[in-house]
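Engineer: Below is one structure. I have some questions about it.
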Amino acid sequence: MVVPTEDTVLLAEALAYVTELYRELNGENGAPSLGTQNQAVEFILADPELSAAVARWAERNPISEATTAPPRRLPRDALYEEVRSYLEDISEPPIFVPRRPVR
């Protein structure tokens, strides 16, 4: 699915949201693979309600401004639940799996 859009600001906001959600879900300071990022961003852009929700999130959390404030967790709303579910469906399993506790 390719969702053409000329709104580069919305693209950047959707990518920032996907990256932030990935960090929360995985406890990693990184981003998902490019394929996963692209699929999740296209998922958001294909749905006008999700796109509007990402734009509202970006208004409250400017993505282009540097800050020294600690990061805030994403609100657990419909946007969060839908994108989270989609990310879990398309994400690759982790390379490093935590060991079982030694007894």
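Engineer: I'm told Ile44 meets every condition in (1) touching a residue at least 40 places away in the same chain (Cβ under 8 Å); (2) surrounded by 13 or more Cβ atoms within 10 Å (Cβ to Cβ) except one. Can you identify the failing condition by its number?
Structural biologist: It fails just one condition, (1).
Engineer: Are any residues in region 49-77 of a type outside the set (D, E, K, R) and more than 16 Å from Ala12 (Cα to Cα), and if so, which ones?
Structural biologist: Selection gives Thr67, Thr68, Ala69, Pro70, Pro71, Leu74, Pro75.
Rule-based calculations on the coordinates, nothing more; no lab input. Everything numeric in this text was worked out from a predicted model, so none of it was measured. Ideal geometry is used to build each Cβ from the backbone, glycine not excepted, and the neighbour counts take in all protein chains shown.
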